[in-house]
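Structure first, then comments.
Read the figures in this text as sums done on the coordinates, not as results from a lab. What you see is a predicted model; the values in this text were computed from it and never measured. Because the Cβ atoms are built from the backbone with ideal geometry, glycine has one as well, and the counts that use them run over all protein chains shown.
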Amino acid sequence: MVKTPNIYCLVSGAAEGNTRLNAFDNALLEAGVGDTNLMRMSSICPPGAVETNIKDITLPKGGLIPLAYATIDSQTPQMWIASAIAVGIPEDPSEPGVIMEFEDHTRLEYVETIVKQMVVDAFDYRKRALKEIKTVGIEHQVKKCGSTFAAAVLWYK
Amino acid sequence: MVKTPNIYCLVSGAAEGNTRLNAFDNALLEAGVGDTNLMRMSSICPPGAVETNIKDITLPKGGLIPLAYATIDSQTPQMWIASAIAVGIPEDPSEPGVIMEFEDHTRLEYVETIVKQMVVDAFDYRKRALKEIKTVGIEHQVKKCGSTFAAAVLWYK
Amino acid sequence: MVKTPNIYCLVSGAAEGNTRLNAFDNALLEAGVGDTNLMRMSSICPPGAVETNIKDITLPKGGLIPLAYATIDSQTPQMWIASAIAVGIPEDPSEPGVIMEFEDHTRLEYVETIVKQMVVDAFDYRKRALKEIKTVGIEHQVKKCGSTFAAAVLWYK
């Protein structure tokens with residue numbers, strides 16, 4: 001079995017590209033997690049995991065990196081796109097946190113409002129006391145083919 | 001490399017939520033696999049893996065858990081949604097089993113009929129003798145925003 | 001954490017099936033990676049990873065295998081579908097390569113042209129010197145329900 005991660009990094013990026021996948025690839029590079037192999041998961045923050053700046057760790061090039069992310073792209077010039085992540089931190093540090101993702105063809109302010117409420121709902125359903133919500137998000141106005149990406153990367157220290 | 005799992009648990013859950021992702025998150029909790037980081041994979045039951053009740057194991061909170069799953073959600077009130085998993089167990093225990101997933105906007109009976117036939121087809125194509133099919137599934141009639149989830153969780157004992 | 005893979009295998013397959021998932025499952029078997037648990041990732045070739053023929057390694061049955069893949073299916077008789085992968089190998093072997101995926105309802109020649117250009121773009125954006133592009137792809141004319149699959153499987157030697 002794979003060891004449970006003990007740190008998390010909130011990152012975001014946006015970029016243009018000639019194809020949807022290139023725009024996404026470029027957004028990953030802007031977010032500081034390009035050149036890794038991202039493995040998407042459903043989206044819990046392990047108990048006691050410590051928030052860490054992505055610049056303070058070195059992800060192995062081509063390494064297998066678990067993460068939760070929001071992403072959206074568009075090829076409609078002028079359109080706004082936005083992606084955001086919210087992490088709910090529990091009062092009790094022995095309990096896990098919850099990561100929520102949301103993205104839409106709109107401005108970031110709306111997307112962040114929704115994703116925060118999603119975390120509140122997730123804690124309500126669990127009857128778990130919520131200490132704090134951390135968010136990261138990004139918006140982008142499409143030129144030709146744009147992508148936004150916001151993530152909670154899980155890793156080890 | 002990651003060790004090949006040696007047990008599997010069949011689980012299912014359904015729930016309402018204020019968003020599609022919240023409904024899915026709640027369905028995971030109902031299924032007993034909430035508060036973990038689910039990593040979706042294409043869908044083989046390792047040779048000799050033993051069926052285990054999810055209540056008899058403890059998944060690490062926030063741990064990285066491989067699984068195969070079916071899921072569907074809907075925001076159309078009154079609509080039925082259903083998800084099912086079928087696991088084909090081979091006659092020869094040194095061979096792998098096959099896990100199939102199916103989901104649709106309909107009742108569970110239909111979805112289970114399809115997913116069982118998918119396993120039969122998968123064994124036919126492999127020319128592998130099929131001993132038994134195990135299924136798990138769930139249906140739900142949508143109130144406002146509902147989700148169903150059925151899975152084969154792979155883990156270690 | 002999971003060890004970073006050090007080999008990669010380029011594989012492809014196409015098949016018919018009675019459902020979309022069965023056609024995909026059969027295409028995996030044709031590609032030589034059926035009977036494993038494929039875990040899809042975003043798509044970097046680790047530095048120094050060595051190309052290896054899938055026939056020269058033994059993937060564990062039911063094992064958890066990281067890979068990048070393109071896939072497309074169709075249930076429209078006569079329609080052509082095609083999937084291709086391209087791997088860009090850098091001049092500097094200490095740098096990672098980039099894997100791009102593309103698929104469409106068309107012939108392979110077009111899909112391969114696009115996916116190669118995607119690799120060129122990815123190296124341009126990184127300002128990384130490109131030594132060589134390797135591709136693998138497959139096309140298929142649908143009878144009833146067909147699927148194509150092309151992948152870079154990452155593994156260990």
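Can you give the mean number of other chain Cβ atoms that lie within 10 Å of the Cβ atoms in peptide A:48-59?
Per residue, the average neighbour count from other chains is 0.
Considering every residue in C:27-36, what mean count of other chain Cβ atoms within 10 Å of its Cβ is obtained?
Per-residue shielding by partner chains comes out at 3.
Over all alpha-carbon pairs in the protein assembly as shown, figure out the percentage whose distance exceeds 33 Å. Please list the in-between numbers first.
Working: 39472 of 110685 pairs.
Percentage above 33 Å: 36.
Which of the three applies to chain A, rounded, prolate or oblate, going by the alpha-carbon gyration tensor with a ≥ b ≥ c and a/c under 1.5 meaning rounded?
Here chain A falls in the oblate category.
What aspartates and glutamates does B:Lys157 reach when the alpha-carbon gap must be under 13 Å and sequence neighbours fewer than 8 apart in one chain are set aside?
Those aspartates and glutamates meeting the cut-off are B:Glu51, B:Asp56.
List, shortest first and in nm to one decimal, how far the label point of A:Thr113 (7 Å from Cα along Cα→Cβ) is from its counterparts in the other copies.
4.7, 4.7
Other chains' Cβ within 10 Å of A:61-73 residues: what's the mean?
Other-chain Cβ atoms within 10 Å of each residue's Cβ, averaged: 5.
What residue among B:Thr4, A:Met39, B:Thr148 has its Cα farthest toward the positive end of the dipole of the protein assembly as shown, where the charges are +1 on Lys, Arg and -1 on Asp, Glu, each on the Cβ?
It is B:Thr4, whose Cα lies furthest towards the positive end.
Does anyone have the angle between helix C:20-31 and the longest principal axis of chain C? Alpha-carbon axes, 0 to 90°, nearest 10?
The angle comes out at about 50 degrees.
Rounded if a/c is under 1.5, else prolate if a/b beats b/c, else oblate: with a ≥ b ≥ c from the C-alpha gyration tensor eigenvalues square-rooted, which is region B:1-65?
Prolate.
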